[in-house]
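So the structure is just underneath, and the comments pick up after that.
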Amino acid sequence: MAPRILVVTPTYNERDNLPRFVRSVLEVVPEAHVLVVDDASPDGTGAVADTLAAEDPRTTVLHRPGKLGLGTAYVDAFRRALDLGYDVVVEMDADLSHDPKYLPAFLRAIEEGADVVLGSRNVPGGGVLGWGPGRHVLSKGGSLYARTLLGVPIRDLTTGFKAFTRRALRAIDIETLRSNGYSFQIETTYRALRKGLRVTEVPIVFVDRRAGHSKMSRSIFAEAVVEVWRLRFDALTGRL
């Protein structure tokens, strides 16, 4: 039996990108469903998502009352995916930086035994288009910092293009995830590794967003710096 696949995209002010994103995902993986988690975007993204859902039953929308953060958006989506019996859940950004053309490679990796698949910018064949030097330093430096402190071999710990099996979501205990920004990706991957799950990196080329503005902020970056130390401490004390 073919796996049931849910592609999740949290949105905040992505009305210009969302229609193209949803169409592209469903063209590449027609059997998938798309869940848009919108945090009451003031630009009307939620209404656009509702229109897309009305046009195609493979698309659904989860409306939230305000800007509650990336981590809680994914936890709400993971909870729904588990409740509805999905076998694979994919994280993707709606800003078109994550190309759906890589989805078949993700699904092949899962068929071959991976529990978690990471779309990696830092392995051979991967890369980034459209960033300035500062953003490159921030991304690569953040991943190197986390990888070194946590002692893991993963090359791209901060990627937001990921896939989880149902088994992986249960193993990482989504109800106890505490990160809500940049560090959410680090925490979920680290938890998977600590549980002995198979984590595979698939090369992707990340393309900087075509419309709208980045959601990265100093507070989100600071959360990641602190959270890596918390994860390390929890691992050393047997809490993780």
Practice task
Using only Cα atoms, locate the centre of the range 65-91 and the centre of the range 144-194, then give the distance between them in Å, rounded to an integer.
Solution key: 15 Å
Practice task
Based on the mean of other Cβ atoms within 10 Å per residue, sort peptides 90-102, 154-166 so the most packed one is first.
Solution key: 154-166, 90-102
Problem - Approximate spin-label separation residue 149-residue 2, in nm, with each point projected 7 Å along Cα-to-Cβ - result: 4.3 nm
Handout entry: Acute angle (nearest 10 degrees) that the helix 218-236 long axis makes with the longest principal axis of the chain, alpha-carbon atoms
Key = 50 degrees
Problem - Electrostatic dipole magnitude of the chain [Cβ: Lys, Arg +1; Asp, Glu -1; Cα centre; debye, to 20] - result: 780 debye
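Relative contact order of the chain, please, whole-number percent, based on alpha carbon pairs below 8 angstrom and at least 6 residues apart. Kindly include the intermediate steps, with their values, before the conclusion.
Values: 425 pairs, mean separation 54.7, N = 240.
For the chain, the relative contact order is 23 percent.
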Exercise for the section: At 1.4 Å probe size, with every protein chain present, just tell me what the per residue accessible area of the range 62-140 comes to in Å². Expected result: 42 Å²
Completion exercise
Taking Cα atoms, the helix 133-150 axis meets the longest principal axis of the chain at an angle in degrees (rounded to 10) of 50 degrees
Completion exercise
If one compares the long axis through the Cα atoms of helix 70-83 with the longest principal axis of the Cα atoms of the chain, the angle in degrees, nearest 10, works out at 70 degrees
Handout entry: Expected 222 nm ellipticity per residue - DSSP helices of 4 or more, -39500 (n - 2.57), all of the chain, to 500
Key = -13000 deg cm²/dmol
Completion exercise
The summed charge of the residue 85 Cβ neighbourhood (under 15 Å; Lys/Arg +1, Asp/Glu -1) stands at +3
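Pull out a ≥ b ≥ c, the square roots of the eigenvalues of the alpha-carbon gyration tensor of the range 58-109, then state rounded if a/c is under 1.5, prolate if not and a/b is larger than b/c, and oblate in the remaining case. If you can, show how the numbers build up before the last one.
Working: a/c = 2.18, a/b = 1.35, b/c = 1.62.
Oblate, because a/c is 1.5 or more while a/b does not exceed b/c.
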Problem - Under 21 Å, Cα to Cα: Lys pairs in the chain, sequence gap 8 or more or different chains - result: 6
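The values are calculated or read from the model by the stated rules, or taken from the named source; none is laboratory data. Because the structure is a prediction, the values reported are computed rather than measured. Counting neighbours? That spans all protein chains shown, and the Cβs are built from the backbone with ideal geometry, glycine included. Only protein heavy atoms, including side chains, enter the accessible area calculation; ligands, DNA and RNA are left aside. Shrake-Rupley method; radii C 1.70, N 1.55, O 1.52, S 1.80 Å.
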